[in-house]
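Visitor: Next up is a structure, given as structure tokens.
The values are calculated or read from the model by the stated rules, or taken from the named source; none is laboratory data. Treat the numbers as computed from the prediction; the structure is a model and nothing was measured. Cβ: placed from backbone, ideal geometry, glycine included. Neighbour counts: every protein chain shown. We work out accessible area using only protein heavy atoms, side chains counted, and drop any ligands, DNA or RNA first. Shrake-Rupley method; radii C 1.70, N 1.55, O 1.52, S 1.80 Å.
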Number of protein chains: 2
Amino acid sequence: MFESAELGHAIDEETFDREAPALREALLEAQYELKQQGRFPVIILINGVEGAGKGETVKLLNEWMDPRLIQVSTFDQQTDEERSRPPAWRFWRQLPPKGRIGIFFGNWYSQMLQGRVHGHFKNAVLDQAIDGALNLEQMLCDEGALIFKFWFHLSKKQMKARLKSLRDDPLHSWRISPLDWQQSETYDRFVRYGERVLRRTSRDFAPWYVVEGADEYYRSLMVGRILLDGLQAALKSKARRPVQPHVAPLTASLDNRGLLDSLDMTQALEKEDYQEQLTTEQARLAGLMRDKRMRRHALVAVFEGNDAAGKGGAIRRVAAALDPRQYRIVPIAAPTEEERAQPYLWRFWRHVPARGNFTVFDRSWYGRVLVERVEGFCEPADWLRAYSEINDFEEQLSEAGVVVVKFWLAIDEDTQYQRFKEREQIAFKRFKITEEDWRNRDKWQDYCDAVGDMVDRTSTAIAPWTLVEANDKRFARVKVLRTINEALEKAFAKD
Amino acid sequence: MFESAELGHAIDEETFDREAPALREALLEAQYELKQQGRFPVIILINGVEGAGKGETVKLLNEWMDPRLIQVSTFDQQTDEERSRPPAWRFWRQLPPKGRIGIFFGNWYSQMLQGRVHGHFKNAVLDQAIDGALNLEQMLCDEGALIFKFWFHLSKKQMKARLKSLRDDPLHSWRISPLDWQQSETYDRFVRYGERVLRRTSRDFAPWYVVEGADEYYRSLMVGRILLDGLQAALKSKARRPVQPHVAPLTASLDNRGLLDSLDMTQALEKEDYQEQLTTEQARLAGLMRDKRMRRHALVAVFEGNDAAGKGGAIRRVAAALDPRQYRIVPIAAPTEEERAQPYLWRFWRHVPARGNFTVFDRSWYGRVLVERVEGFCEPADWLRAYSEINDFEEQLSEAGVVVVKFWLAIDEDTQYQRFKEREQIAFKRFKITEEDWRNRDKWQDYCDAVGDMVDRTSTAIAPWTLVEANDKRFARVKVLRTINEALEKAFAKD
């Protein structure tokens, strides 16, 4: 969930100075239009890791826009008046009216996270708080509000560096956080429970935007751009509720550093090393699948990737290690008639493996947020809600002991071109290449955006994505096998 | 929540025989139309108290409709196959396809309720299960499914009689329930947690229908009618998702015995008794408000009722008992400009009393499901979602120690007519009667339906409705005061 926000995104001063003025002007204009229309309020929630630029961003938004139309609320200590009423009262009294922007700093999420990190309660109570938050947000959106939720993130290393520099800065050293961020464990717990909160509260009507906070320029432009896109979409829609203001990619590739761009695509294996490592990993997998601890688990492997990235070959190398009675490969193409008569996830639920078994999905439920999104086969409302439906599905698998591994096999455009050409030459591979495959290449960037969103919104501790550098097929196959083995060993170790 | 289902609803055989054939025919026709359109599946959940006719109703539906297009699923013991997969797998595999009806008997709700009643887990875990159910239902509805949730109810007395007769019947005596219903406490716990589940899972897209199960004819016609109304609405709508199939009143007054009809409107107090009881109750209230245990509580009293039912007079008698610094009367008329710029509940949240204090709402948040519903001031989607928003709001009040009492002051049509006429005669009361009041009388039955729905969907253990027979003002005033006093004493006793 935080993968994209640990890439070291950065923008140079020159680019920032060139882009910021236009963004400011557009934001200001949107803000006046918001006031003019007076149809809905905007609520901005600010959360995330200490030192990731939350306060600075709020300050900046007030500079960029008209501060008379923004009200910033902090919710640190409860006042006497607040303490003597239900907890939500303090939020209700600070709601911005229609036409205005309210920035909620230290909101309902901060409080539930602090409580959980401090160990004041367990997950069941955290989940109750999460429900309360979702009910409130759902109601606000039903009443017309436009909600942006920003999570400012830093990697642990970045945070430590940042805390050190803040401590030395007299302007900041007085700040006291309710959590002791100097403790390494605080970060780990905060991020772990943060992920749980984000996973469960990212909904189509109010998704989370995770922003890497290390670079001031990047962070500022990102937040400004997301706000502007959402505001403009909502202002343009004539419906009583802002309709689908959150369809833009989560991480507009501002600095051209998407997750996929961060891969080292030159990685490769020599034939000999490959043979040796392949055999080792295959034997390891065979052993793990026969391990008696496997009786308490099942295994699901999802294969997605660019066309011609080598999914089939990788799957064959996995299968080769196994007893055919223990695994099943489910190729996902167009749904059957029976499947079309059922909810989207039904065709995947029916193939969930029993304990002790392994199902390989050659393409998967992620089709909805990839091909169906990009090709417009479903409405934005459908693929937007799919993220939480999918997270919910995978959580159910995980809770039942199913180990879920998900692969995106990535190749670059040139490699794909070569492979397409080769396929056209080889008789028995010609069936693998169609006109459609060539057409899909025109949408390369759209697919990159969709993959970035997908990973950001569905890579979780319980079911992480593994991006596989697949320009070299041998490297890819070994990485796939090794990842599966590591996931199984990790699950066994926890038993 | 179960008030309407403990009235002793019944329909005579003759009426049943007259009405059933047309209902069967219409249901069958709707069923074929459903198949013909093949646009959405129908899922019927069957839950409720033991012996309330669940099995009989499922049997009847299969007789009335074409059983080839209905699949009935029971979920008692898990099979081996099911046990080795995530818990939801067994529900997914039984989902009816588009165009078909699936009856789920012993579904996700039965399981969470059994677990809670048996004490296998506490409320926080129950709430997690509730979430899971809501996510599933939300997703199914987003995918187009039409869901009916029936809760078959019996009062404790009715259930005991029913169990006795079942035990003596060789056709039924073999049935074994996972709960021991012979134990009086089982019923209490089941109904208490049942209410929690119903309150939290009754949503506009899939509300609960509570059906009194004692009388076979009544129960059958009710279920048939609700299904038919919902099916027809969904079949008529051309949208991809069935739009608002649940707008019909929850308790169509089949036997002309709504909640309001069950009141004994002849109750009255002699002047002398009134004076004595009024003074007693006022003194009791004054004492309770000064009690030091009041520091941990606040009090909210909601007054709704027919026009000219005497809300103002009753409120004055309450206020007369109190120190003006301790209470506040909030009259709810048309919202101010500031209030219109905020979500619906905002104007009520702002008047939530601090601990130790008392707020009287002269009309309230229930306006949305009464006047706004009947007069069409808001969309069905808005008043339908209001029920759960209101229950959620009142739960938050209750959890913060606020005691919530809600009054519906009921008078009959004749009494209202007389009072209107009197008001027109008396100079200082003439301002109280307008053309609109006269017009509202034309919608008497619509208001009755709305009040019935409101009480059924929002009368909860934490914030119950009190129906006040107000043809006699003296009787009404004393009943109001006494109810407030009892609610406070009950809350104090629990501390």
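Visitor: Remind me, relative contact order of the stretch A:261-494 in percent, using alpha carbon pairs under 8 angstrom and six or more residues apart?
Guide: Values: 308 pairs, mean separation 80.9, N = 234.
Relative contact order for the stretch A:261-494 comes out at 35 percent.
Visitor: Classify the stretch A:438-495 from the C-alpha gyration tensor, please: rounded if a/c falls under 1.5, else prolate or oblate depending on whether a/b exceeds b/c.
Guide: oblate
Visitor: If you count, for every residue in B:84-97, the Cβ atoms of partner chains within 10 Å of its Cβ, what is the mean?
Guide: 6
Visitor: Now, a different point. Using a 1.4 angstrom probe and counting only protein chains, how large is the accessible area of B:T186 in Å², to 10?
Guide: 10 Å²
Visitor: Here's something else I'd like to know. May I ask for the accessible area buried between chains A and B, both sides summed, probe 1.4 Å, to the nearest 100 Å²?
Guide: Protein heavy atoms only, the A-B interface buries about 4000 Å².
Visitor: In the protein assembly as shown, what % of DSSP beta bridges are antiparallel (nearest 5)?
Guide: 0 percent
Visitor: Let me ask something else about it. With the other protein chains left in place, how much accessible area per residue, in square angstrom, belongs to the stretch B:261-494 at a 1.4 angstrom probe?
Guide: Values: 10490 Å² over 234 residues.
Here the residues of the stretch B:261-494 average 45 Å² of exposed surface.
Visitor: Next up: Run through the other copies and list how far each one's label point is from that of B:L322, in nm with one decimal, shortest first; the point sits 7 Å from Cα along Cα-Cβ.
Guide: Copy-to-copy label distances at B:L322, shortest first: 6.8 nm.
Visitor: Here's something else I'd like to know. Quick one: Cα centre-to-centre distance for the stretch B:36-84 and the stretch A:448-495, in angstrom?
Guide: 41 Å
Visitor: With every protein chain left in place, what is the accessible area per residue of the stretch A:3-248 in square angstrom, probe 1.4 Å?
Guide: 43 Å²
Visitor: Take every residue in peptide A:343-351, count the Cβ atoms of other chains within 10 Å of its Cβ, and give the average of those counts.
Guide: For peptide A:343-351, the averaged partner shielding equals 4.
Visitor: Please check the stretch A:293-341 for residues whose accessible area, probe 1.4 Å, is lower by 10 Å² or more when all protein chains are in place than in their chain alone.
Guide: A:R340, A:A341
Visitor: Express the relative contact order of the stretch B:307-439 as a whole percentage, based on alpha carbon pairs under 8 Å and six or more residues apart in sequence.
Guide: 25 percent
Visitor: Taking all protein chains in place and a 1.4 Å probe, what share, in percent, of the accessible surface of the protein assembly as shown do carbon and sulfur account for?
Guide: 48 percent
Visitor: I need to check one value: relative contact order of chain B, counting alpha carbon pairs closer than 8 Å and at least 6 residues apart, in percent. If you can, show how the numbers build up before the last one.
Guide: Values: 720 pairs, mean separation 95.8, N = 495.
Rounded, it is 19 percent for chain B.
Visitor: Could I ask something else about it? What ranking of A:D142, A:D180, A:D168 comes out by heavy-atom accessible area, probe 1.4 Å, highest first?
Guide: Numbers: A:D142 20, A:D180 80, A:D168 105 Å².
The ordering from most to least exposed comes out as A:D168, A:D180, A:D142.
Visitor: On to the next question. At 4 °C and 1.567 mPa s, grab the translational diffusion coefficient of chain A from Stokes-Einstein with a Kirkwood Rh over Cα pairs, rounded to a whole number in µm² per second.
Guide: Values: Rh = 24.5 Å.
Roughly 53 µm²/s, to the nearest whole number.
Visitor: Any chance you could give the angle, 0 to 90 degrees and rounded to 10, that helix B:271-290 forms with the longest Cα principal axis of chain B?
Guide: Result, in degrees: 80.
Visitor: Now for a different question. So for each of A:322-328, A:149-155 I average, over its residues, the number of other beta carbons within 10 Å; can you give me the resulting order with the highest mean first?
Guide: Peptide ranking by packing, descending: A:149-155, A:322-328.
Visitor: Cα axis of helix B:108-117 to longest principal axis of chain B: angle in degrees, 0 to 90, nearest 10?
Guide: 60 degrees
Visitor: Still on this model: Using only Cα atoms, find the angle between the long axis of helix A:13-37 and the longest principal axis of chain A, and express it within 0 to 90 degrees, rounded to the nearest 10.
Guide: For A:13-37 against chain A, the angle is about 60 degrees.
Visitor: Between beta-carbons, use under 11 Å as the cut-off and find the net charge around A:Y344, counting Lys and Arg +1, Asp and Glu -1.
Guide: Values: positive: A:R340, A:R347, A:R368, A:R385; negative: A:E339, A:E372, A:D382, A:E389, B:D142, B:E143.
Here the charged neighbours net out to -2.
Visitor: With heavy atoms of protein chains only and a 1.4 Å probe, what residues of the stretch A:379-398 have at least 50 Å² less accessible area in the full set of chains than alone?
Guide: A:R385
Visitor: Also, quick follow-up: Which of the residues in the stretch B:135-153 lose at least 50 Å² of accessible area when you go from the chain alone to all protein chains together (probe 1.4 Å)?
Guide: So the qualifying set is B:N135, B:E143.
Visitor: Here's something else I'd like to know. Using the 7 Å Cα-to-Cβ label point, sort the distances from B:G287 to its equivalents in the other copies shortest first and give them in nm to one decimal.
Guide: List, nearest first: 8.0 nm.
Visitor: Report Rg(Cα)/(2.2 N^0.38 Å) for the stretch B:3-248, keeping two decimals.
Guide: Numbers: Rg = 17.8 Å, N = 246, 2.2 N^0.38 = 17.8 Å.
Output field value: 1.00.
Visitor: Now for a separate question. Can you classify the stretch B:261-494 as rounded, prolate or oblate using the Cα gyration tensor, where a ≥ b ≥ c are the square roots of its eigenvalues, rounded means a/c under 1.5, and otherwise it's prolate if a/b beats b/c and oblate if not?
Guide: oblate
Visitor: Going down the list A:K311/A:K406; B:K311/B:K406; B:K54/B:K160; A:K122/A:K156; B:K429/B:K473, which pairs span over 18 Å between their C-alpha atoms? Present the calculation step by step, with values, prior to reporting the outcome.
Guide: Values: A:K311/A:K406 12 Å; B:K311/B:K406 12 Å; B:K54/B:K160 16 Å; A:K122/A:K156 24 Å; B:K429/B:K473 16 Å.
Too far apart for the 18 Å limit: A:K122/A:K156.
Visitor: Next up: Helix-only mean residue ellipticity at 222 nm, chain A, DSSP H runs n ≥ 4 weighted -39,500 (n - 2.57), per residue, nearest 500. What is it?
Guide: -15500 deg cm²/dmol, from helical runs alone.
Visitor: Once the dipole of chain B is set up with Lys and Arg at +1 and Asp and Glu at -1 on Cβ about the Cα centre, which of B:L467, B:G99, B:T483 lies farthest towards its positive end?
Guide: Going by the charge dipole, the pick is B:T483.
Visitor: Next up: Where a ≥ b ≥ c are the square roots of the eigenvalues of the C-alpha gyration tensor, would you call the stretch B:88-167 rounded, which needs a/c under 1.5, or, failing that, prolate if a/b is larger than b/c, or oblate?
Guide: Because a/c hits 1.5 or more and a/b fails to exceed b/c, the stretch B:88-167 counts as oblate.
Visitor: For the stretch B:261-494, what is the charge dipole size about the Cα centre, in debye to the nearest 20, if Lys and Arg each add +1 at the Cβ and Asp and Glu each add -1 at the Cβ?
Guide: Details: 38 positive and 41 negative charges, 280 e Å.
Roughly 1340 debye for the stretch B:261-494.
Visitor: Shifting gears a bit: Net charge within 12 Å of A:Y187 by Cβ-Cβ distance, Lys/Arg positive one each and Asp/Glu negative one each, not counting A:Y187 itself?
Guide: +2
Visitor: Using DSSP to call loops (not H, G, I, E or B), can you name the chymotrypsin sites (Phe, Trp or Tyr not before Pro) in the stretch A:68-122 whose Cβ has at most 13 other Cβ atoms within 10 angstrom?
Guide: Nothing satisfies the criteria.
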